[in-house]
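The structure appears right after this line, and notes come after that.
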Amino acid sequence: MTTNFEVEEASFEVEEARFKKQFAMWTALSIIMLVAIIATLMVLVPRYRVWSEGKRGEAEYMRAEQNRRIKVEEAKANLEAEKLNALAEIERAKGAAEAIKIENGSLTPTYIQYLWVRQQNANSNNRIIYIPTEAGLPILEAGK
């Protein structure tokens, strides 16, 4: 006759065998999953690196293209500014020529002194001291 102890021991052995079988199955499944993950990474990582380098190259190209466009626009702006400065200089020269014509084609010393005084007023950095002279005109050669 079998005792209760023998039934429990048999039941324990069946449970232990089932546990070992499930443990072996989960261990094998884990190893298979790990191998699959490693194989997948071995395939995908090099492809990702190639893709990443391609994208990095595209980004560098786009940056270089944008920097080139900026330089072109700056050069166009500088050219336009130089053209406008040249036009302003031409207009100033035309005004000076007209002023000379008004003076009957000759520059008088009085007019030259007037132009010098007008230029000095525009140049606020200079400190000019006017000294009265016989003719009441400033001395042009005097500096500070």
### Message
Quick check on the range 41-61. Is at least one of its residues within 25 Å of the chain's Cα centre (by Cα), surrounded by 10 or more Cβ atoms within 10 Å (Cβ to Cβ), among the aliphatic types (A, V, I, L, M) and assigned to a helix (DSSP H, G or I)?
### Response
yes
### Message
Kindly evaluate residue 101 against the criterion of being at pLDDT 65 or above, exposed (fewer than 10 other Cβ atoms within 10 Å of the Cβ) and in a helix (DSSP H, G or I).
### Response
yes
#### Entry: Inter-residue pairs, beta-carbon under 8 Å, first in a helix (DSSP H, G or I) and in the range 108-132, second β-branched (Val, Ile, Thr) and at pLDDT below 70, 6+ apart
120/128
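The values are calculated or read from the model by the stated rules, or taken from the named source; none is laboratory data. Computed from a prediction, not measured in an experiment: that's the story for all the values here. We place every Cβ from the backbone using ideal geometry, glycine too, and count neighbours over all the protein chains shown.
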